[in-house]
Amino acid sequence: MRGCANLTNVLDNWKFAIMTQIKDLLLYDHQTVLPDYGRIHALSEALDDLYKEFNALKERLIELTNRFEGVELFVDELKAARHATQMGERRVQSTHEKQGNSGPRRTRVVVRKVKKQVVRPST
């Protein structure tokens, strides 16, 4: 039990010594512990420039998004026309042409309207 009391005394003394040294540093030699406040202004300007660049990039992204809306609309219309073509309004037929054995294979798509035969009832 006596060893525990001695250990507690030692720890209390260390705590007091450490706290005293920190207090003395903060009161009399704070530049060694605290940051240099002269650099904070430069850091603030750098962050401000970064913020301005970020906002400029955000505006550019909005501008590009607006430009691509027309392209998206065109692609959607093209997909709708292609879907309507597959549903039977038109028939898509592809033909393959080969140029010799070693030539490249070319694909051509021909779109033809399908004419439905009209059957008239006999009178």
Quickly work out the Q21-to-L73 label distance, labels modelled 7 Å from Cα along the C-beta direction, and quote it in nm with one decimal. 7.3
Förster radius 30 Å - calculated FRET efficiency between R39 and L7, Cβ distance, rounded to 0.05: 0.10
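FYI, it's all coordinate maths here, none of it is from the lab. Since we're looking at a predicted model, the values are computed, not measured. Neighbour counts are summed over all protein chains in view; Cβ atoms, including those assigned to glycine, are modelled from backbone coordinates with ideal geometry.
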